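Each value in this text was obtained by applying a stated rule to the coordinates, not by laboratory testing. Since the structure is predicted, the reported quantities are computational estimates derived from the model, not experimental observations. Cβ atoms come from the backbone with ideal geometry, glycine included; neighbour counts cover every protein chain shown.
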Amino acid sequence: MINIRNLRINYGNETALENINLNILKNKTYAIIGPSGCGKTTLLYAMAGLIVPFEGKVLINGEEIRKIRRETAVILQNGGLLPWKTTWDNVSLGLEARKLDKSAVNRSVASILEELGILEHKDKYPSQLSGGQKQRAAIARSLVLEPDLLLMDEASSALDAINREHIQNLILRLYKKKTVTMVMVTHSIEEAVFLGQSIVIMERSSIKHIIENPYFGDEDIRFKQDYYNICSEVRKWLRGDDE
Ligand SMILES: Nc1ncnc2c1ncn2[C@@H]1O[C@H](COP(=O)(O)OP(=O)(O)OP(=O)(O)O)[C@@H](O)[C@H]1O
Ligand SMILES: [Mg+2]
């Protein structure tokens with residue numbers, strides 16, 4: 001679905017990414033992990049069409065992207081909810097912009113809020129929601145538009161461990177129900193192994209290694225030894241052989 005060829009991105013005279021080649025297959029999930037400042041967010045933005053390559057290409061379904069596509073949803077770290085709108089209005093905003101009829105909008109919004117377990121908080125403003133509820137509202141806002149590509153930057157990093165696992169379970173369940181390609185940036189090895197069918201390990205400005213994760217999709221994986229084996233493998237690649 002996404003084809004990244006010889007991508008280079010510079011900020012001024014600093015190279016943020018170079019020599020990036022990556023194929024993202026349709027309806028699979030990818031977790032991007034690597035040290036702070038290695039270029040994960042930059043890579044995600046390039047896939048979103050929010051940053052234009054300095055060299056190389058990002059193709060989606062064969063077409064070079066130069067701006068954000070309508071079918072791409074991006075969830076940024078802060079969720080990007082509008083503080084002056086209720087949960088309901090934040091989620092319905094994008095659909096209303098598509099000029100669908102009111103009752104269809106209402107049905108879709110109610111159903112996604114229900115699915116994410118926040119229907120009872122529909123009249124609250126973002127400041128009145130907990131961190132996990134805010135994150136779920138941000139996910140609802142993206143999914144209600146039925147994207148074919150969901151890009152997430154550290155979607156659960158602001159949450160405590162228990163809440164983070166809840167959100168991860170929820171993301172896995174939603175992924176299984178919808179037809180969507182997911183790419184997520186994370187700094188958590190456990191999250192990468194739980195949510196990534198492919199785990200893309202980065203080092204400064206480039207991709208170091210990709211691990212295929214045969215255990216992806218098993219909700220009980222956290223209780224199994226195989227999970228910890230893959231986590232150790234990721235940890236080993238992140239640490240490098242020279243340290
Ligand atoms: N707008 C910008 N202008 C200049 N330099 C930038 C800009 N955005 C990012 N950079 C630099 O590019 C490099 C990659 O940044 P990026 O945000 O992609 O890293 P990251 O892997 O997402 O890091 P983190 O894990 O800390 O979020 C960093 O060295 C950063 O300082
Ligand atoms: Mg980042």
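Before moving on, here are some points about what is shown:
- On the principal axes of its alpha-carbon atoms, segment 1-118 has extents of 48, 30, 25 Å, going from largest to smallest.
- C-alpha long axis of helix 225-239 to longest principal axis of the chain, angle in °: 60
- In terms of other Cβ atoms within 10 Å, VAL185, VAL193 run from fewest to most in the order VAL185, VAL193.
- Between segment 210-237 and segment 64-140, the Cα center-to-center distance that results, in Å: 31
- Calculated from backbone phi, Karplus (6.51, -1.76, 1.60) coupling profile of segment 172-183 in Hz, x at Gly/Pro: 4, 5, 5, 4, 5, 7, 9, 9, 8, 9, 10, 10
- Residue-wise HN-Hα coupling along segment 156-161, computed from phi with Karplus coefficients 6.51, -1.76, 1.60 (Hz; x: Gly, Pro): 10, 5, 7, 9, 6, 4
- Crossing angle, helix 87-97 versus the chain [Cα axis fit, 0-90 degrees, rounded to tens]: 80
- GLN128/GLU71 FRET efficiency (R0 41 Å; Cβ-Cβ; nearest 0.05): 0.85
- Approximating the spin labels as points 7 Å out from Cα along Cα→Cβ, the ALA158-to-ARG204 distance works out to 3.1 nm.
- Shown for ASP220, ASP226: other C-beta atoms within 10 Å of each C-beta, ranked fewest to most, produce the order ASP220, ASP226.
- Computed over segment 87-243: relative contact order in percent, which uses C-alpha pairs under 8 Å that are six or more apart: 17
- Segment 77-146, Cα convex hull volume normalised per residue, Å³: 80
- Under conditions of 10 °C and 1.306 mPa s, the chain yields 85 µm² s⁻¹ as its translational diffusion coefficient, taking Rh as the Kirkwood radius over Cα pairs in the Stokes-Einstein equation.
- FRET efficiency, ARG173 to ASN106 (Cβ-Cβ, R0 25 Å, nearest 0.05): 0.60
- Estimated distance in nm for a label pair at GLU114 and TYR11, the labels positioned 7 Å out from Cα along Cα-to-Cβ: 4.4
- Segment 18-78 shape via C-alpha gyration tensor axes, a/c threshold 1.5: rounded
- Inter-probe distance in nm under a simple model that places probes 7 Å from Cα toward Cβ, at SER232 and ASP220: 2.3
- Cβ-based exposure ranking for THR86, THR186, in which fewest neighbours within 10 Å come first: THR86, THR186
- Gyration tensor verdict on segment 153-243 (Cα atoms; rounded if a/c is under 1.5, prolate if a/b is larger than b/c, oblate otherwise): prolate
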